[in-house]
Amino acid sequence: MNRRKVAVIGGGWAGMAAAEALAGKTDVVLLEAGKVLGGRARAVRQSHHDFSFIDNGQHMLLGAYHQCLGLLQRAGVDAQAVLHRERMSWYQADGFRFQAARWRSPWHLLVGIIKGRGATVREKWQLLKHMRRLQVWHRGAVENGQDMTVAQWLESEQVAQKWQQQFWQPLVWGALNTALREASLLRLGNVLQDGVWSTRANSDMVLPKTDLGQSWVEPVAGLLRRKKVVVETARRVSALSHAGEGHGVWVDDDYFDAVVLAVAPYHASQLLPRNVPGDVSAALSSLAYHAITTVYLRYEQNVDLPATLTGLAHGKVQWFIGRGRLGGDNNEVTAVISLADAPAHRDVDWAQVAHQELLNLCPLLSHPVAVRVITEKRATVSCCANRQPIPQAWLRQHDIYLAGDYVHDRYPCTLEGAVQSGQLAAAALLADAGRPAMAFKRL
Ligand SMILES: Cc1cc2nc3c(=O)[nH]c(=O)nc-3n(C[C@H](O)[C@H](O)[C@H](O)COP(=O)(O)OP(=O)(O)OC[C@H]3O[C@@H](n4cnc5c(N)ncnc54)[C@H](O)[C@@H]3O)c2cc1C
């Protein structure tokens, strides 16, 4: 019997994960518009090689990102060589600092915060009390499907200004890339539940030591090739049209039994068949986006930062990452600005500001010898409270399966959400393929 032929459109992490999950069970073709795979998490070529490497943005994983880390492991990535892993820490040079203790959960957090610096004992208890209250709220919210904005919750809990500024805001900006007045408390709770409260190992911070292309994307591309996935880069799909309910999909002029559409939502809405129901188009076009700016700085001197992620409670840059601490070049620093489209962040000369703020941490630095600023304007979909899922029943009936970080129903836009969404789309496609056509049509 002929095997089903499936096109995965989009070679970001969702598409790569979907292709891997389908390989061996269907004939898979992965179509990617760009010259390389990796999408929003990829290496960027440099013309002058001023830096040891440049990615489109600094990425960090949590130990809880099991599907993403599992994919890298299956691709043969040597975790020791390419991933820097350490216990969770929170370091604001002019504010609160703590590191998770080497204890089991919840003691890792409790002891870590109690031993932290930059806050009184009373303030630390307040922080722990609010974490506990959020945990309790989250448990109920998961059961009842409730949500609210982080700002509403902070106000209802009367959280002190210090903690809003030094903890909750940088946490939410970093994890959700969304302003407090919009950010989903439920999704923040999901990340904390899986990544911080569950086990100590899940709360570990995992950062790439080298570029995302050579260390992450290329091994996964190799895995796909070994699994006989046909990978076509520089292949931009123009349109999908369906061949009738349960009869497959035309991808431009090529016929496939089914398609995993793993492109960002603004591209998905352009590709979907013309007669797609209005609620699907409306849901896709209702999504808002936020930017992330990454500044790469290179100095003549070594830059010794006190922590792997060093922040300034009163700065504009959220986190500085010294590559020396990751086992890389000691002269290079990455500065991360989440929510780079916020009014206070517009028209900022980030190269200048990042250098100036870094001087607060390392006053003897001379001018940087190389600077590169990359802003991804639509880095992530706004992770707002009560966001409705994209309706997928019609699409599934027409053999189209959505994947992508924005499809994930629990996480903000993350690599883990992207990988899980790709795997889930593949599982749904395979489940539908095994179902008798009539039964499927009744869904
Ligand atoms: C600056 C920045 C920093 C980030 N930091 C973190 C972090 O620290 N931790 C974390 O977990 N996540 C982070 N993220 C988010 C993470 O990168 C994304 O969630 C993830 O990469 C999304 O993957 P995806 O496959 O869903 O989508 P994408 O990566 O957008 O993949 C979609 C792919 O589809 C392709 N495509 C589009 N149209 C077509 C077409 N017509 N035909 C064929 N192909 C097409 C695109 O070229 C792209 O490769 C960050 C993102 C950015 C931008």
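Using only alpha-carbon positions, what ratio does the radius of gyration of region 157-305 give when scaled by 2.2 N^0.38 Å?
Here the Cα radius of gyration is 1.47 times the empirical estimate.
Could you state the accessible area per residue of region 93-202 in Å², with a 1.4 Å probe and every protein chain left in place? All intermediate terms of the calculation are to be shown ahead of the outcome.
Details: 5430 Å² over 110 residues.
Normalised by residue count, the accessible surface of region 93-202 is 49 Å².
Which values of log₁₀ I(q)/I(0), to two decimal places, follow from the Debye formula for the chain at q = 0.14 Å⁻¹ with a uniform point scatterer at every Cα?
With no solvent term, the Cα-only Debye profile gives -1.36.
Let's see if you can work this out: charge +1 on each Lys and Arg Cβ, -1 on each Asp and Glu Cβ, no other charges. What is the dipole magnitude of region 292-350 about its Cα centre, in debye to the nearest 20?
Dipole about the Cα centre, nearest 20: 140 debye.
Work from the charge dipole of region 289-381 (Cβ charges, +1 for Lys and Arg, -1 for Asp and Glu, about the Cα centre) and give the residue of PRO363, VAL381, THR308 farthest towards its positive end.
Looking along the dipole axis, the top candidate is VAL381.
Order 189-195, 101-107 from most to least packed using the mean count of other Cβ atoms within 10 Å.
So the peptides 189-195, 101-107, ranked by packing, come out 189-195, 101-107.
Answer with one residue from GLN46, VAL6, VAL82: the one whose Cα lies farthest towards the positive end of the charge dipole of region 4-94, charges on Cβ with Lys, Arg +1 and Asp, Glu -1.
Comparing the listed Cα positions along the dipole, VAL6 ranks first.
For region 93-202, build the charge dipole from Cβ charges (+1 Lys, Arg; -1 Asp, Glu) around the Cα centre, then report which of LEU185, LEU154, VAL136 sits farthest towards its positive end.
Final value for the positive-end residue is VAL136.
Under 5 Å between amide H atoms, partner at least 5 residues away or on a different chain: which partners does GLY311 have, H built in plane at 1.01 Å?
The answer is TYR91, GLN92, ALA93, PHE320.
What does the charge dipole of the chain about its Cα centre add up to, to the nearest 20 debye, if the Cβ of each Lys and Arg holds +1 and the Cβ of each Asp and Glu holds -1?
Magnitude of the dipole: close to 1060 debye.
When the chain is fully extended, how far beyond the present Cα-Cα distance does ARG45 get from ALA33, taking 0.36 nm per residue of separation?
Result: 2.6 nm gained on full extension.
If you stretched the chain out fully between TYR266 and SER238, how much longer would it get, using 0.36 nm times the residue separation minus the C-alpha to C-alpha distance?
8.7 nm
Can you give the FRET efficiency for ALA433 and ALA79, using 1/(1 + (r/R0)^6), R0 = 30 Å, r = Cβ-Cβ distance, to the nearest 0.05? Provide the component values of the computation, followed by the final result.
Numbers: r = 34 Å, r/R0 = 1.14.
Efficiency, rounded to the nearest 0.05: 0.30.
Treating the beta-carbon of each Lys and Arg as +1 and of each Asp and Glu as -1, no other charges, what is the dipole magnitude of region 1-90 about its Cα centre, to the nearest 20 debye? The partial results should precede the final answer.
Numbers: 11 positive and 7 negative charges, 72 e Å.
Charge dipole of region 1-90: 340 debye, to the nearest 20.
Kindly provide the helix-only [θ] at 222 nm of the chain, computed as the sum of -39,500 (n - 2.57) over DSSP H runs of four or more divided by all residues, to the nearest 500 deg cm²/dmol?
-9500 deg cm²/dmol
Build a GNM of the chain with springs between Cα atoms under 10 Å: which of HIS408, HIS290, HIS49 gets the top mean-square fluctuation?
Largest GNM mean-square fluctuation: HIS49.
Within the chain, what is the number of lysine pairs with alpha carbons under 23 Å apart, leaving out pairs fewer than eight places apart on the same chain?
The number of close lysine pairs in the chain is 17.
The values are calculated or read from the model by the stated rules, or taken from the named source; none is laboratory data. Since we're looking at a predicted model, the values are computed, not measured. So basically every Cβ, Gly included, is an ideal-geometry build from the backbone, and we count neighbours across all protein chains shown. Only protein heavy atoms, including side chains, enter the accessible area calculation; ligands, DNA and RNA are left aside. Shrake-Rupley method; radii C 1.70, N 1.55, O 1.52, S 1.80 Å.
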